[in-house]
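The values are calculated or read from the model by the stated rules, or taken from the named source; none is laboratory data. Everything numeric here is computed off the predicted structure, so don't read it as measured data. Methodologically, a virtual Cβ is constructed for each residue, glycine included, from the backbone with ideal geometry; neighbour enumeration extends over all protein chains shown. Ligands, DNA and RNA are excluded from the accessible area calculation, which covers all protein heavy atoms including side chains. Shrake-Rupley method; radii C 1.70, N 1.55, O 1.52, S 1.80 Å.
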Amino acid sequence: MTTQTFADLGVPAPLVAVLAADGKTEPFPIQADTLPDTLAGRDVLGRGKTGSGKTIAFSLPLAARLAAGAAASGGRAARGYRRPRGLVLAPTRELATQIDATLKPLATALGLTTTTIFGGVAQSRQVTALQAGVDIIVACPGRLEDLMKQGIVHLDRVEMTVLDEADHMADLGFLPTVTRILNATPSRGQRLLFSATLDNGVDKLVSKFLTNEVLHSVDDATSHVEAMTHHVFEVADQDAKKDLIHTLASGRGRRILFMRTKHQAKRLAKQLTSAGIPAVDLHGNLSQGARDRNLAAFGSGEVRVLVATDVAARGVHVDEVELVVHVDPPAEHKAYLHRSGRTARAGSTGDVATVMLPEQAGDVRSLLRAAAITATPQRVTAESPAVTSLVGERAPRVTPAPAPKGGAGEAGTGGGRGGRGNGGGRNAGARAGRGNGGGRGDGGGRNGAGRDGGGRNGGREAEGREAAGRDGAGRAGGGRSGGRDGASRNDSGRSTAGRDTSGTGNDSTRDGSSRRRGRGRGAGAAGGERGGNGGAVRNGGNGRTGGNADSGRAGGNSGGAGRAGGNSGGAGGNSGAGRGSAPRTGMRVGDLVSGSTSRGRGTRRARG
């Protein structure tokens, strides 16, 4: 018998060449059945199970007929501003992305352009593509209708419309939206509808929008894939189930594990990765970027296990998936069939394993009966021969990358909250010491070491909030703005020049040593108001508990103004952790290293 080719079916030569370059030379049954009618312009209703080749079946006529229409009008038709000529509707982002991946090279070969439209991402790129002019859009109903309402896209020039996985759109509640979208397209256009079943209102779409359609049903929704083998494994309890899942995931080939909830999928992926089996998750909580990255890692072989919810049950096509595991049996048979359809695609072989607990036996029997699947349950453990033979050779375990940790902080050298010291942060030591240099100053603070390494984030730059304080000392040199001119309020007076100082020494507002009179509100020093080597928060004396120079609530050698003094910030100092290792006597908060002050009164803590 002569083998039929795409060229024999009337597919244009440029498209045949694209298919041949991808190793596709012979059409699948649904392609061979539908192409003569779709290329001739007939409305077609195609029924076929997942993995039967429907995407190429409608992509070929879509590209060929739009290109032919442009040629008939005297060359490539001008792309209408926000007015596409071809439309493909798909129920999920994953399916839309995969359709576009198949369609784009075919369209490009004939000088056509495509773009995708779906939610979960910013619409700006989609708007830009529409404004530039695009021939074919592959869209999810929700985002497309939203853009229609905004006046960003118009469907009055659509010549050809395709509905893929129409039954799934019905399951998701999209039929009212789909109806409104189809009403916006010209009634004279060609329409193709592909679906595994015609229930849940799909038949109403057919009767309303398809004209003199031709029905092509390659196989029904429950027809078997001969190359797919089904297994049902019963385990004694949850612990035995966990062991079995880890074993099933440990083989060398790609496998997809299906869970009912996104939280369970995320947790199982982490557990497998921690056990040395690299895995990624795919579910509705992920952003589109995360979905794309995880699918790319799975498709490239970087990881071999994908843990997914039913969001991946349709439209996700990755070659050479050798095993699908129903970790949680689905609620209804159509989900079982679509999940299982991720393996044994396009003529390849594959296995499907369903894991159940004893109390789930009745539900699983009903599920398999509805799906017309015959499989005898087997009581197994992770080491049963039926399991080990299915898994085959196990892949080497991969040691997971260690989670990032903060620096080893201990109370001591550095600042507390006010001093913003040299290192440690919130997670790096005692709360008062806040890490190895603790606090927020002198290389600590907000960016130098982060919450795990120094200060809150390590001083916003290097010391304090930028080299101690915001700009060097205090906010600009000492206290709040680094000394507007000379000394703020000087030693005992209110002011000699402005409110802040850049002086040196141990001068402080109003006095410099007394509990109240030597306080200043944000006396910095060389280090500044909240950070660096000596930022005093409330005073420029000896802090609440005296030290040799500036300290916070507890003494240190020279520390800045923290809640506890230190070598360079507040907390801990050389004398320990906590809010200080000396009693609370002396000044209330902070000192000077080289004598600049901020304001004399007001807030409890000077801002930095």
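Structure summary
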read-out: Flag for residue 156 being in contact with a Leu (Cβ under 8 Å, 6 or more places away or on another chain) and of a type in the set (D, E, K, R); value: no
read-out: Residue within segment 102-114 that is in contact with a Lys or Arg (Cβ under 8 Å, 6 or more places away or on another chain) and either surrounded by 16 or more Cβ atoms within 10 Å (Cβ to Cβ) or of a type in the set (Lys, Arg) (or both) present; value: yes
read-out: Odd one out for residue 198, checked against (1) at pLDDT below 90; (2) open to solvent by less than 40 Å² (accessible area, probe 1.4 Å); (3) under 24 Å from residue 331 (Cα atoms); value: (2)
read-out: Segment 276-298, residues that are out of contact with any helix residue (DSSP H, G or I) (no Cβ under 8 Å at 6 or more places or on another chain) and farther than 23 Å from residue 117 by Cβ; value: 276, 297, 298
read-out: Set 196, 139, 184: member being of a type in the set (A, V, I, L, M) and under 27 Å from the mean Cα position of the chain (by Cα); value: 139
read-out: Members of segment 261-286 found to be of a type in the set (Asp, Glu) and either in contact with a Ser or Thr (Cβ under 6 Å, 6 or more places away or on another chain) or over 15 Å from residue 313 (Cα atoms) (or both), listed by number; value: none
read-out: Condition broken by residue 275, with the remaining ones in (1) farther than 17 Å from residue 382 by Cβ; (2) open to solvent by less than 60 Å² (accessible area, probe 1.4 Å) satisfied; value: (1)
read-out: Residue among 145, 165, 213 that alone is buried (at least 21 other Cβ atoms within 10 Å of the Cβ) and among the acidic types (Asp, Glu); value: 165
read-out: Residue within segment 31-51 that is within 30 Å of the chain's Cα centre (by Cα), within 29 Å of residue 371 (Cα to Cα), small (Gly, Ala, Ser) and at pLDDT below 90 present; value: yes
read-out: Residue in segment 77-88 that is assigned to a loop (DSSP other than H, G, I, E, B), basic (Lys, Arg) and at pLDDT below 95 present; value: yes
read-out: Residues that are open to solvent by 30 Å² or more (accessible area, probe 1.4 Å), small (Gly, Ala, Ser) and assigned to a helix (DSSP H, G or I), drawn from segment 118-131; value: 124
read-out: First in segment 311-336 and within 17 Å of residue 90 (Cα to Cα) and in contact (Cβ under 8 Å) with a residue 24 or more places away in the chain, second anywhere and among the aromatic types (Phe, Trp, Tyr) and surrounded by 23 or more Cβ atoms within 10 Å (Cβ to Cβ), Cβ under 8 Å, 6 or more apart; value: 312/258; 313/258
